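Notes follow the structure.
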Amino acid sequence: MALLDNFWQLFLVSAPWLMLGLLLAGLLNVFIPKDFLQKHLGKEGLWTTIKAALIGAPMPLCSCGVIPAAIGLRRAGGSKSATTAFLVSTPETGVDSISVSYALLGPFMAVIRPIAAVASAITAGVLVGKDESNTQPIRSDASDSGCCGSKVKKVAAEKSSCCATEPKPAPQSSCCDSQPVQKPTEKVSSCCASKQAKPGLWQKLMSAVQFSCNKLLADTMQWLLIGLFFAALVQTYVPEAFLAQWGNGILAMIVVILVSIPMYICATASTPIAAGLLLAGVSPGAVLVFMLAGPATNVATIGVVAKELGRRAVFAYLGAVIGVAIVFGFLTDWLVAQFGFTVAPMMGHDHEVLPYWLTLGSGVVLALLMVRLMLLGIKQRFAPTQASA
């Protein structure tokens, strides 16, 4: 009974902040243009890496969702450094995980966590970007020798202007053509031919809510519940001094890294697990290492790095993520010891931040949304069976 009570209390503490994070994440997903990343992250360099890390940090993508996004970014022309920085910062932190970190771990961890994630992403991007010469992305517009190459570029440039109203005179001759080039007289399609009505503010807000309550919540719900259950289990049955004897220093950090590598967990879901580790006596620095390394070093992400960026990039990727996580782990422990920052699960302190009616209402709404997604998943799973019968 105590286990269920602790689980429900943890769920209530997390609910309002998770709901706020889901809403902010949905707004980011709707209001940021889809081609924004490819437009600004196509070059190598430190500034591009920094932009990718800062863009990916608040993104509403977890460990599973960032993989197809990173692949699309790379194949659309994104540089290795930008792709790596985006692949690290996006799952390590986010608007939802920051809000849950504040609720479960306190304001200090909510501040240092995104700072460490961005630093880890920039370091990984810079190190992986040094291997850029070995695996250059294939460019479809590679120039050929002679006037044919320039002509291809001209044709591509003419096609890219979608709103030209006056036809340009056709070229008379070319050194590479056996027949004169003829300008097509009919236009197949134009982006200006039929103007589609842009969605209004209300439609965008509804799209943001739908994305948050469906796709994003479905991606994080399973591990979030597992994490909350783990935290409640530790709070109920594990004495605080059990792990305190080895919960500090490099040994604890190495242990949490080894535990986190096979896990497939997002930043939001890792937060309640981190709260459970704190309750068990693990140091704040080791907890931060877990929250950084867990979402960024799972087996699936490592496989994507090896396939898309090269095997040599895997060592740079892991070295940067793990190395920066350990450095910030020691920095966190030093800051807590030196300046007395409070890092503790904020169980029972939610009444000081939010009124109980808001906490309870958020918990009930979040629980209903999760039950709805579970029922939809069951219905979709058994739908093919019923159709075939």
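The numbers here are math on the coordinates, done by the rules we state, and not lab data. Worth saying up front: this structure is predicted, and the values here are computed from it rather than measured. Glycine gets a Cβ as well: all are built from the backbone with ideal geometry, and neighbour counts include every protein chain shown.
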| task | Order the peptides 47-59, 365-377 from the highest to the lowest mean number of other Cβ atoms within 10 Å of their residues. | result | 47-59, 365-377
| K43 versus V209, label points 7 Å from Cα toward the beta carbon: distance in nm? | 4.2
| field | Of K51/K198; K80/K130; K215/K379; K51/K307; K39/K80; K130/K307, those spanning more than 20 Å from alpha-carbon to alpha-carbon | value | K51/K198; K51/K307
| At R0 = 56 Å, FRET efficiency that the Cβ-Cβ distance of L201 and I115 yields, to 0.05 | 0.95
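Working out 0.36 nm times the residue gap between I302 and I250, then minus their Cα-Cα distance, what length gain in nm do you get to one decimal? Intermediate results must be reported in sequence, preceding the final value.
Values: separation 52, 0.36 × 52 = 18.72 nm, distance 2.33 nm.
Working it through step by step, the gained length comes to 16.4 nm.
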| note | Extension length gain for L376 and D5 (0.36 nm per residue less Cα distance), in nm, is 130.8 nm
| task | Pull out the extension gain between L258 and W357, defined as 0.36 nm times the separation in residues minus the alpha carbon to alpha carbon distance; nm, one decimal. | result | 31.6 nm
